[in-house]
1. Taking only the range 131-141 into account, find how many residues are more than 15 Å from the chain's Cα centre (by Cα) and surrounded by 23 or more Cβ atoms within 10 Å (Cβ to Cβ).
2. Which one is surrounded by the fewest Cβ atoms within 10 Å (Cβ to Cβ), of the residues in the range 270-326 that are outside any helix (DSSP H, G or I) and of a type in the set (Asp, Glu)?
3. Any idea which residue in the range 142-159 is surrounded by the fewest Cβ atoms within 10 Å (Cβ to Cβ), counting only those that are without any contact (Cβ under 8 Å) to a residue 60 or more places away in the chain and under 27 Å from Leu57 (Cα atoms)?
4. Show me the helices (runs of 4 or more DSSP H) entirely contained within the range 1-87 in which 2 or more residues are more than 24 Å from Ala149 (Cβ to Cβ) and without any contact (Cβ under 8 Å) to a residue 60 or more places away in the chain.
5. Go through the range 123-138 and give me each residue that's more than 13 Å from Gly186 (Cα to Cα) and in contact with a Ser or Thr (Cβ under 8 Å, 6 or more places away or on another chain).
6. Only residues that are closer than 12 Å to Ala82 by Cβ and either open to solvent by 20 Å² or more (accessible area, probe 1.4 Å) or among the hydroxyl-bearing types (Ser, Thr, Tyr) (or both): list them for the range 93-113, please.
7. Among the residues of the range 255-280, write down those that are modelled with pLDDT of 95 or more and either touching a Lys or Arg at 6+ places or on another chain (Cβ under 7 Å) or of a type outside the set (A, V, I, L, M, F, W, C) (or both).
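The values are calculated or read from the model by the stated rules, or taken from the named source; none is laboratory data. Everything numeric in this text was worked out from a predicted model, so none of it was measured. Cβ sites come from the backbone with ideal geometry, for glycine too, and all protein chains shown count toward neighbours. In case anyone asks, the SASA skips ligands and DNA or RNA and just uses the protein heavy atoms, side chains included. Shrake-Rupley method; radii C 1.70, N 1.55, O 1.52, S 1.80 Å.
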Amino acid sequence: MALQTVGIVGAGAWGTALGLSARRAGRDVLIWAYEPETITEINETHRNSLYLPGVALDPAIEATARFNEVATCDLLLMVTPAQHVRAIAGELAPYMRPDQPLVIGAKGLEQSTGQLLSEVAGEALPQAAVGVLSGPSFAAEIARGLPAALTLATAKEAQGRALSHALSHASFRCYWSDDVVGAEIGGALKNVYAIAAGIVVGKKLGASAHAALVTRGFAEIARFGMAHGARRETLTGLSGLGDLILTCGSPQSRNMSLGIALGQGRALGEVLKARLGVTEGIYTAGAVVESAAARGIDMPIAKAVHAVISGLSTVDEAIEALLARPLRSEA
């Protein structure tokens, strides 16, 4: 399988960082971007100051606004905001080849349907071979070449291992899995619990409360994942527990920093108005709660986050409700 050219669909911080990483792996990289000024800056000054300031890009990395150009690449990485995946996949559809690899690098659930992004892409691009790249990784660190390890999940082993080798290099390691659902659920749901962890920090509830929140949050992710067919070993791996630990432990996370601001008493609209990037946990929370209710999955922390975000309860009311839950077996 020839995997020399990599097309990055999305020129945000994560997409640009993945482009840099793919270039370090020896691939030829073409980035599709929406903003004309971003395309011009990448091509002419080799920077993306809007989304990844202070980082010099490899001059060999190019950008385009044309879907037909990026679709000529051997491998595509879909790194748009989660809620835009369906529309952009539809734009790509006329140009995609049968069995062309498309790896989802976005993290979230589609808010309107509750579907995993691999399901969304599969509907919009039935000819593509869809996989998932997920794991503990901050864009700024990947861009600087700091070490990271992620899960690359595909249904077919031969393709997955080929993709892993094509994207990996000394400081960016991809471990193959055939559990696409598990890899994707971990990456999507951790954003919801990162908001909750941020609220704990913002309210100054202490390290003990933070540890309890993350642990019980993982229990909810595991229940949700296994109810959807994920394997426990995937959920305890890089794309599940690993990503949860990272995202719930650093204000570098957009979701955790949002939670911190909410815990400090700031209004959601005020925080979002000052932000450039998308905070995916906001959209995923409602989809998770609705899907969990339909399957009878108990997810009190996710429900509390959704209640705060949607204005159904205050932060203090949500915390009080969680602390008032009846005691029962931990298992």
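1. Just the residues of the range 131-141 that are more than 15 Å from the chain's Cα centre (by Cα), to begin with: 141.
The next check asks that each one be surrounded by 23 or more Cβ atoms within 10 Å (Cβ to Cβ); those that pass are none.
Result for the range 131-141: 0.
2. Filtering the range 270-326 down to residues outside any helix (DSSP H, G or I) leaves 274-280, 296-299, 310-314, 324-326.
Checking which are of a type in the set (Asp, Glu) leaves us with 280, 298.
Numbers: Glu280: 24, Asp298: 13.
Checked the range 270-326; the qualifying residue surrounded by the fewest Cβ atoms within 10 Å (Cβ to Cβ) is Asp298.
3. Residue satisfying both the conditions and the ranking: Pro147.
4. Values: elements: 13-24, 36-45, 67-70.
Qualifying helices (runs of 4 or more DSSP H): 36-45, 67-70.
5. Residues satisfying the conditions are Ala129, Val130, Gly131, Phe138.
6. As a first pass, look at the range 93-113 and keep what is closer than 12 Å to Ala82 by Cβ: 104-113.
Matches in the range 93-113: Lys107, Gln111, Ser112, Thr113.
7. Passing the criteria: Asn255, Ser257, Gly259, Gly263, Gln264, Gly265, Arg266.
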